[in-house]
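The values are calculated or read from the model by the stated rules, or taken from the named source; none is laboratory data. The structure presented is a predicted model; accordingly, all values stated were derived computationally and were not measured. For neighbour counting, all protein chains shown are included, and Cβ atoms are generated from backbone atoms with ideal geometry for every residue, glycine included.
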């Protein structure tokens, strides 16, 4: 995301539970919805870089990779008044060029420990919940999508439907939920 239709529904669901998260944004989508980017930040959510376009980094050269990440980082910083510190690579695949660009741009690459496989047309709230909790552990990072801009049309609905159950499961297991900046020792994520 962000997506002007689906992202506000996620923001509402998170606000209703008193939960903040980390949103990794595509620059192209952020440029289309600058007010929404500001809203995400104003509600206390952390914003990271997911690149300008959702393209595999292994297929991109050093200059294109650097420019892609820098463009998104700069736009998010301009819109929110806070330069992002985190970068999640598309498809979770890094390249040497991406590592070098992230270092030069002072972005920390992050991945996840569990996901909902929520980008597929066959995803349902139950399948997303089941897939997430299978690998859910303390100190982990859950990957979910608030938009279908690079996924199956409407796939975000399964994620939104699963979100309350995922949060309930975390609470039942005594797991605190929050943005990545709260995961480690102060300052670990550039905050």
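Quick look at the numbers
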read-out	value
Residue, farthest from residue 103 (Cα to Cα), within segment 23-61, restricted to residues that are part of a helix (DSSP H, G or I) and at pLDDT below 95	59
Which numbered condition residue 73 fails, given (1) free of Cβ contacts under 8 Å to residues at least 12 places away in the same chain; (2) within 16 Å of residue 37 (Cα to Cα)	(1)
Hits in segment 15-28 (condition: in contact with a helix residue (DSSP H, G or I) (Cβ under 9 Å, 6 or more places away or on another chain) and crowded, with 20+ Cβ neighbours inside 10 Å)	21, 22, 23, 25, 26, 27
Segment 100-127, residues that are part of a helix (DSSP H, G or I) and either at positive phi or in contact with a strand residue (DSSP E or B) (Cβ under 7 Å, 6 or more places away or on another chain) (or both)	102
Unmet requirement for residue 3, which otherwise passes all of (1) touching a helix residue (DSSP H, G or I) at 6+ places or on another chain (Cβ under 8 Å); (2) in contact (Cβ under 8 Å) with a residue 60 or more places away in the chain; (3) over 29 Å from residue 133 (Cβ atoms)	(3)
Residues (farther than 14 Å from residue 44 by Cα and crowded, with 20+ Cβ neighbours inside 10 Å) located in segment 4-14	6, 7
